[in-house]
Structures are given as C-alpha cells and as structure tokens.
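Quick note: the coordinates plus some simple rules give every number you see, no bench work behind them. Since the model is a prediction, treat every value here as computed from it, not as a measurement. Cβ placement follows ideal geometry from the backbone for every residue including glycine, while neighbour counts extend to all protein chains displayed.
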Protein chains: 2
Amino acid sequence: MGQQAAPVEETLDPQDWSAMRALGHRMVDELCDYLSTVRERRPWTSVPPATRARFEQPLPTSPRDPAEIFNEFRAHVLPYPSGNIHPRFWGFVMGTGTPLAALAEMLAAGLNSNVSGFDDAATLVEAQVVAWLRESLFFPSASSGLLVSGGSMANLVGLAVARNSNAGFDVRAKGVQAAPRPLTLYASVETHNSVRKAVETLGLGCEALRLVPVDAEYRIDLNALRAALAADRVAGHRPFCIVGNAGTVNTGASDDLHALADLARDERLWLHVDGAFGALASWSPALRARVAGLERADSLAFDLHKWGYVPYEAGCVLVRDAARQRMSFDVAAAYLAPARGGLAPEGPKLSHLGPQLSRGFRALKVWMALQEAGFDKLGRLIQQNVAQAAYLAELVRAEPELELGAPVPLNVVCFRYRDAARALDEAALDALNAELLVRLHEDGIAVPTYTRLRGRYLLRVAITNHRSRRADFELLAREVVRLGRELLASRG
Amino acid sequence: MGQQAAPVEETLDPQDWSAMRALGHRMVDELCDYLSTVRERRPWTSVPPATRARFEQPLPTSPRDPAEIFNEFRAHVLPYPSGNIHPRFWGFVMGTGTPLAALAEMLAAGLNSNVSGFDDAATLVEAQVVAWLRESLFFPSASSGLLVSGGSMANLVGLAVARNSNAGFDVRAKGVQAAPRPLTLYASVETHNSVRKAVETLGLGCEALRLVPVDAEYRIDLNALRAALAADRVAGHRPFCIVGNAGTVNTGASDDLHALADLARDERLWLHVDGAFGALASWSPALRARVAGLERADSLAFDLHKWGYVPYEAGCVLVRDAARQRMSFDVAAAYLAPARGGLAPEGPKLSHLGPQLSRGFRALKVWMALQEAGFDKLGRLIQQNVAQAAYLAELVRAEPELELGAPVPLNVVCFRYRDAARALDEAALDALNAELLVRLHEDGIAVPTYTRLRGRYLLRVAITNHRSRRADFELLAREVVRLGRELLASRG
C-alpha cells in the first residue's frame, strides 16, 4: 500500500492552537465591551469612503494571520453596524440579539452540525425548541414545525403546504399549470411583501393574490373578503387559502383571526397566518387577546430574530397537520435513504419539512436564549415594548406639533411632525418629514424608518428592542419637534 | 410628560458583564480543546436514552444561569455531534468548518447585522465576498450573486430566475398556470434531489423535469438530451432550461458543460449549473479542466459549507445577467422604500436577489475563512481531497475483497466488500455491505454513507474534509475488509 512517499498533507486547523485560543478571548472581550457600551455610541454612522475602499481589495491568494483579519474587522466592520443593536433603533422590524446567543453561534459553528434528523444531539435540540414554540403559541402537540431563516421563508413554506394541500390536484407532480381552475388566495392590502414574493416564487402569480381592503384600524375588511371570495367562485376560480396577519408591518394591526378561521373552515380554505413579530404577543398573557385565533391557523409563520430578541437568522413555521408539511417537501434520493442503524437510521428527516437539505444549528442559540430569559420574562419584555409604544403615542398626542398617523394596537407607532401654524400642505409635510428622518439618522439621534399610509409620509417606530427605555422615546419626541422647527425655519 | 412613576424596565443584557465575559472565555477554551482533540474521539456515537430524555423537558418559564445552560450543553450536546468535523467523516457531502470561522459567527451574531443593502459595513463584506467568489469561478464582473443558506436555496434561486426569464411570459404576475405551452426543463438522472424539490416548489411540477440518462461515467447523455428536447418541441412543450452538474452527489461526475452551454445557446435555453461541491474544483488549477464550462452557465449554485470548509450555513448563487436576478425577486413595499439618505438610501438591495428579506451576516465567516487560508491553499486542499479519493480507489483496486462501484473522477469513491470466494449473490452482497456500514458507524471507526448505483448497494466516501489524512483511508480500507470477513464468518 505505501510504496510511494506520502505527500505532505495540509489542514485548515491552526498550527498554533494557543494563538487561536488567545484570539478567541480577545474577540469575546471586544464583543462584551462593544455590547455593554452600545448606548454610548451613535445608533448609526455612514461608512466613510476610506473604509468603503478597503472592501474593494482583490481576491486573497496567500494565507493571512487571523489576528490581522480580526484587527481589520475591528477597524472597518465593527464601527459601521446597521444599528439595530442600539437602544434607539426602531427601523423596519429588526431584532436586538443577546450576548449569550452570540456565544451560542460560535459553539454551533464549531460543532458544525448539519441538523437533518440524524441520531445526534443537535436534532434533539431543534425538536425541543420547536416543541417549546408550539406550546408557547398554543399549537397542538401533533403539529409539526421547522426553524427557518426567517419570516420570508416561513411564509414560503406555509404557502407551499397550503398550495400542495388544497389545490385539489397533485401540484408537486403536475405543476400549477395543471390547475383545472385558476387558484386564488386572499390577504389584506396591509400584508407583508414577503407573502407576495412567496406567491410569485411558488408559481401562482401575484395576480392570484387578491388584496382585500382594510378597515379604519388596518384590519382586513371581512365583508370585502367574503365578496371577493364569492366573486371568484362565480368567475370559476378556485380559492384555496386566506392569509391572516398577526401584527402588520406598517401599523402592528392584527386581523380578526377567529373570524378568518371560521370563514376558512366554512369555505374549506387553508388559513395561513403571518405572525412575523405579532405572533409573539401571545407570550404575554396581557397581550394574548390581541392576536387571539392564531392558534387556529393551519400554518403559522413567525420570527425569533425580531420580537424573540434572538440574533439573525431565526424564524419558524408551524403546520397543524404534520403529514401535510412532510408531503410538500419529502423528496427521496438513493444516497439519502435511511440505513438500518448508525448515524442516519429511519426517522423523521427535517429536510422533509422545508426547502433546505443541509441545515445549520440555529436551534442552539434559540435553545440557549429561551432558557436564559425564560418565557415569563420574554413575555414581560414584549409587554414592555407595547407599553413603550403606547407611551410614545401618548407623547405624540400631548404635543401639538406631532400627529399620530394610525392607531397603535401593538408595538408600532406611525406619526409625523407638523407645523404649529398648520400652514404646510400635505406635500410639504411629506417633504419635511422625509428630511427630518434623514437628520435623525445622520445626526446619530435615533433610527426610526418611515412608511406611507393613506398617502401620507409618516415616521415609523417599530419597537422590538430589549435595550430601549422610556427615556429614549422622550428623547425621540423632543428631537423630532426640535428638528421639525429647525427645518421649518431653514425653509424661511 | 412624566407624571406617573416610570415602571421598572427590564433588558436581556446581563446584569454581570464580567460573568458573561468569563463564560465566553470558557466557551472558547472548551471549543479549542474540543476541536484540537477531535481525532482522538469516535467519529459518531448514538445519543443514549438518558440524554435523549433531557430534551423532553418542558418549556422554561423562569430565567436560568447561562453558565448552567453551558454546562448542560457540555454534558448533553457536545458529546453527540453528527460527526462531520471528524477526520474520518465522509458521509453525504458535509463540511468540516474551521475554528476561526466559528469565532466569526460569534462576532456576526453579536453585531447582529441584517445584511440587506444598508449603508453599513456588513453589506460591503458580503459584496466583497461575492466579488471574490465570482472571480474565483471566472464569472464576469457584471454578474450578480448572493450568499444563501446552501445549495438547495441556490438551486431554487437559479431556477426561479431561469423560469422568470425564459418562460416567454410574465410568470411573476400570471403564474405558471398562464403558460401557453407546458414548460419543461432537463437534467440527468444523477442530478441532486434539491433540483427536483426546487422545480416542485416553483410550481412547475416534477413531471416537467425531464430526467435524461447518463453515460458509463455518469455524465448526461447528450444525444438523449437532444432527443428529449426535440420530442418535447414536437409535442408542443416549451423547453426553457437545462440543468448541468459539476460534481454529482453519487459519484462526483461532471457533465460536459461546454457541450451543454453550446446546446443551451443554440436552443435558447437557460443553463443552470448545480456545482454544490464540484464547482470549487475550479479553485485548483490542476482540477479546473474537470469542470470546464461552468463559467458559461447563466446561473451557478454552489456551497461554501461543503468543499469551501466553511461552517453551516453558507451557499452562493451567481447569475450572469444581474438584471434578471433582480427582476425575479424585487417586490416593493412602502415601509421599505429608500430614503433620501441615512441608513437606507437608494441602492441595490440584497433582498431583491433572493427569497429572504432579513438576511444574517453569514458573509463574515466566509470573509474571514477565505482570507485566513487564501485561495491558493484552498485549491491545494481541494486537490488533496481528490488525491485522497484516488488513493482510496487505488487501495480498493489492489484488494481482491474490495470492488470499485463507479469511476472516481473527483472526490467521491463508491465501493463495496465482496467475498473472496465470489459465492454471494447481489442481494447477499447488498445486505452484507449494509450491515458493514452500520458497523463502521456504530463501532466508531469511520462514517462513509451509501448509495445505490445500477442496483448495487455501495459504500460511498465523499471527501470534503480538511482533517483527513491518507492514513485514514488506509484504515478504512483495512477495516472494511476485516468487518466484511467477520460478517461473512458470522453468517456461517
């Protein structure tokens, strides 16, 4: 066997483990320093041109000392975050993360598990996490679930199962083109764009997604929904699914999910609920009623990297009928067939529940984060964010130069600055508030973002941040008034 | 503003940062110990019932000390990995990871960036990584690319762009049901099941995926492909895409990608190449010719968490025509519209290139890993794995009781034990090798997996492991013979 001289064999393991260990300690120290002082820094700073140019260096051919790579990270990456770990970041809907969950990611990547349903501990960790999430959202214990990258993928999975289960023919084999009647599904105009994206990806075409008007509180108009269903049935379409919202992205509104569940039952439709952040209101006994009925969904999409305070990426999809989820994604292959024992015996395969075959160990950070806080405290923090939203709304109502733009049913506040003299028209108010938002970011004050509701440009504050305090919202209200006046004055 | 007493506000930040810091140090130490001694342990061990039961504990309601959670991890998770970090793991196609990349995951999760195309450093890191990958695979600099969870998602994205670009009508708006003629696409029977899964998810129906026979070397039969195309055109179908393979999962075969690119050009078809692991053979000048032509693909899917040695999850998709990728996934939303400045100004949005809106900072581990090794060394390691496969094939050929089951064009070796007396029939050989595989796992010797080729059960060794040495393959060959004899003897 060994006539020829064995070649020199290389590895990517460090030659000097003690140097790698020391670097790891430095990284932990740096990260703890960074996170414990985050309040002292600006929420966001534009990347300067010199740093930008660093990221145009050519492909590295030779090895580089890890400590040097870390120094470059410290100098050029760490100072320019997107800002969502800061106590005054309330843009889009972004999470905060926790230090322990960040450490967990290191352990997960070191163990480097491919969480596929093997006979290994990582698979058990994910099963336990999914069981906890199921229980915390009052889903039946026989339902199935899967951790995914986030709400977009959770919506894609839920709607794929809806399509495959309720189209009335074998979609997996025949494709949407074989539909005897055009498939249609229903959601309010306030539904997140990831639902539209999923509908397009699934080959249904976005025209199949009927966007139903909302009431004054931005909830789906049930009469309009019934009318749309009836019209489509008359026109020979095949309605197969309703998408309900637990917490819309623009205002935090939740549809009447019990009414949608009743309607879905009566009309034999699949009920998918997008609860990206709103579903987790269920973790607070005080808030649970605001998203009541989500436990009746056939499929439920939600994130842990938003209101679950877990770092990116962590979302989840639950499906009431476990067999239907499996029947949407199980594709056999000779090289994946179970063995009689060993690492990969017979048993449920997680890749049969969603689009990914290889799956990382994101369950570990969720497992550690949920245990560290416990669900009671997580529920209190969610309630705290909702109380902060109510408090900000109160500050806005109390200030004549501020104006609420929408009801505040949960953790999202839409408002704007308006001149005390009421002299500006809508277009001028839009322009002024747009400028004001840029100033809030660029002056390092706070990061809300914006939306448009009924034509109006509104500052939008979405609170899924465990570092925010009431004083941060007082500062925001104060600074918006100050900047509004300043911008007004500069207009002459 | 503050008449009422402010409530006590909670946070998830640790009360005691020094304890968190100390725990982080302990975790780094533990991980370095664990990884530097991995060779001394068994590749895989079944999870014992007592540990299994630990993961059935109910939902945690109260907080728990992070150090205690880590202790539970040490006792019940760390000892039971899926095994792919071990030098003698060659199952499925799984990666090994590196210590620095694991540390990078901690930093990424601490920074907790949502890599969306904001004015932040994380977006620049991903852009740089994609530029390096593009250059390393000889894709044009104007092509676009995106890091994704892995090959399954990369195939889904590539095929979604193919469908949306080349169906001849507006699939995003109208859906697959509006196809004037049934859409069809083509791939060899050796194509990975994630392609079928993507085709089903995209609403095309797996019957639209024409599985073309392979030649003796498991490469797509070009004459059969041409015949299938012609027959479908005669039947009134609309062929829109060919899927080529750079490294099939069963044997590591690569289709003639130049021939497929020529054919795609002549027939106006999209060429998608699944190069999950095989694409990275391009990183070795010595191996590049084996996957020649992949740089002509319209879209290319590949993983970094396999042969790139980066921890899970890290895949990538490249699309030659950047506009077509964007036109497949850009869905507008009022709350996401760019501002005039600040964090989220005008500019390319990464969520417009794939299904995810929120995207984690997986680019950081890739950025650090590629720099630490440099592409020259990565190319040598890939070549080393190919040389190890050739060496194992040589050992198999030299041993009368072992039999190669397929050619070894890259890094995958399929072989089996067979009795010296040649008395066993095929069914008995299948059963014996199946039992032998379980023994290899359960005795803690090594973790190959298996596949079936032309009806035969074969042990399958896929080498994407930077810790493996030639001696490990010598041990494997020796142990397979020993176990084979032992199992033969026990049959009486």
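Placing a label point 7 Å from the Cα of B:Ala22 along the Cα-to-Cβ direction, the residues of region B:64-107 whose backbone N falls under 13 Å from that point are B:66-68. A Förster radius of 60 Å combined with the Cβ-Cβ distance from A:Glu135 to B:Glu426 puts the calculated FRET efficiency at roughly 0.75.
Its alpha carbons considered, the protein assembly as shown gives a radius of gyration followed by a Dmax of 27.9, 101 Å.
Rg over Rh for chain A works out to 1.01, using Cα positions for both radii and the Kirkwood form for Rh.
Express the relative contact order of chain A as a whole percentage, based on alpha carbon pairs under 8 Å and six or more residues apart in sequence.
21
Scoring B:293-299, B:378-384 by mean Cβ neighbours within 10 Å over their residues and listing the highest first yields B:293-299, B:378-384. Listed from fewest to most Cβ neighbours within 10 Å, the set A:Thr98, A:Thr37, A:Thr11 follows the order A:Thr37, A:Thr11, A:Thr98.
Compute log10 of I(q)/I(0) for region A:395-492 with the Debye formula, placing one identical point scatterer on every Cα and leaving out solvent, at q = 0.18, 0.21, 0.23 Å⁻¹, to two decimals. Values, matching the q order: -0.80, -1.12, -1.36. DSSP assigns beta bridges within region B:179-267; of those with both partners inside it, close to 20 percent run antiparallel. Shielding of peptide A:454-465 by partners, expressed as the average count of other chain Cβ atoms within 10 Å per residue Cβ, is 1. Using only the C-alpha atoms, the convex hull of region A:211-306 corresponds to 96 Å³ per residue. Under the shape rule built on the C-alpha gyration tensor, where the axes satisfy a ≥ b ≥ c, region A:117-273 is oblate, since a/c reaches at least 1.5 while a/b does not exceed b/c.
Reported to the nearest whole Å, the Cα centre-to-centre distance from region A:228-275 to region B:115-187 is 31.
Using alpha carbon coordinates only, what is the Rg to Rh ratio of region B:417-473, with Rh defined as the Kirkwood radius?
Result: Rg/Rh = 1.02.
In the structure shown, the pairs B:Lys197/B:Lys306; A:Lys174/A:Lys349; A:Lys365/B:Lys306; A:Lys174/B:Lys349; A:Lys197/A:Lys377 are assessed against 27 Å; a Cα-Cα span above that value is assigned to A:Lys174/B:Lys349; A:Lys197/A:Lys377.
Panel order for B:Glu56, A:Glu372, by other beta carbons found within 10 Å of each beta carbon, from fewest to most: B:Glu56, A:Glu372. Name the shape class, rounded, prolate or oblate, that the alpha-carbon gyration tensor gives for region A:162-253, where a ≥ b ≥ c are the square roots of its eigenvalues, rounded holds for a/c under 1.5, and otherwise prolate holds if a/b is larger than b/c and oblate otherwise. It comes out oblate by the Cα gyration axes.
Peptide A:321-331 is shielded by partner chain Cβ atoms: per residue, an average of 2 of them sit within 10 Å of its Cβ.
At a Förster radius of 56 Å, what calculated FRET efficiency corresponds to the Cβ-Cβ distance of A:Arg52 and B:Arg41, to the nearest 0.05? In this case the efficiency is close to 0.80.
Apply 1/(1 + (r/R0)^6) to the Cβ-Cβ distance of A:Asp29 and A:Glu267, taking R0 = 51 Å, and write down the FRET efficiency to the nearest 0.05. For A:Asp29 and A:Glu267, the calculated efficiency is 0.30. Distance from the A-onto-B rotation axis is smallest for the Cβ of the chain A residue given, in whole Å, as A:Gly203, 1. Placing a label point 7 Å from Cα along the Cα-to-Cβ direction at B:Pro345 gives distances to the equivalent points in the other copies of 6.0 nm, listed shortest first. Length, then width, then depth: along the principal axes, the Cα atoms of region A:257-336 run 51, 40, 15 Å. When the alpha carbon coordinates of region B:93-205 are projected onto the principal axes, the ranges are 51, 35, 28 Å, largest first.
Rounded, prolate or oblate: which fits region A:23-63 when a ≥ b ≥ c are the square roots of the eigenvalues of the alpha-carbon gyration tensor, with rounded for a/c under 1.5 and prolate only if a/b beats b/c? Judged from the Cα gyration tensor, region A:23-63 comes out oblate (a/c at least 1.5, b/c at or above a/b). In region B:68-122, the inverse of the mean reciprocal separation of distinct Cα atoms equals 14.2 Å; this is its Kirkwood hydrodynamic radius. Within the protein assembly as shown, antiparallel bridges make up roughly 55 percent of the DSSP beta bridges whose residues both belong there. Taking other C-beta atoms within 10 angstrom as a stand-in for reagent exposure, A:Phe138, A:Phe92 fall in the order A:Phe138, A:Phe92, fewest first. What separates the B:Ala431 label point from its copies, with the point 7 Å along Cα to Cβ, is 8.6 nm, written shortest first.
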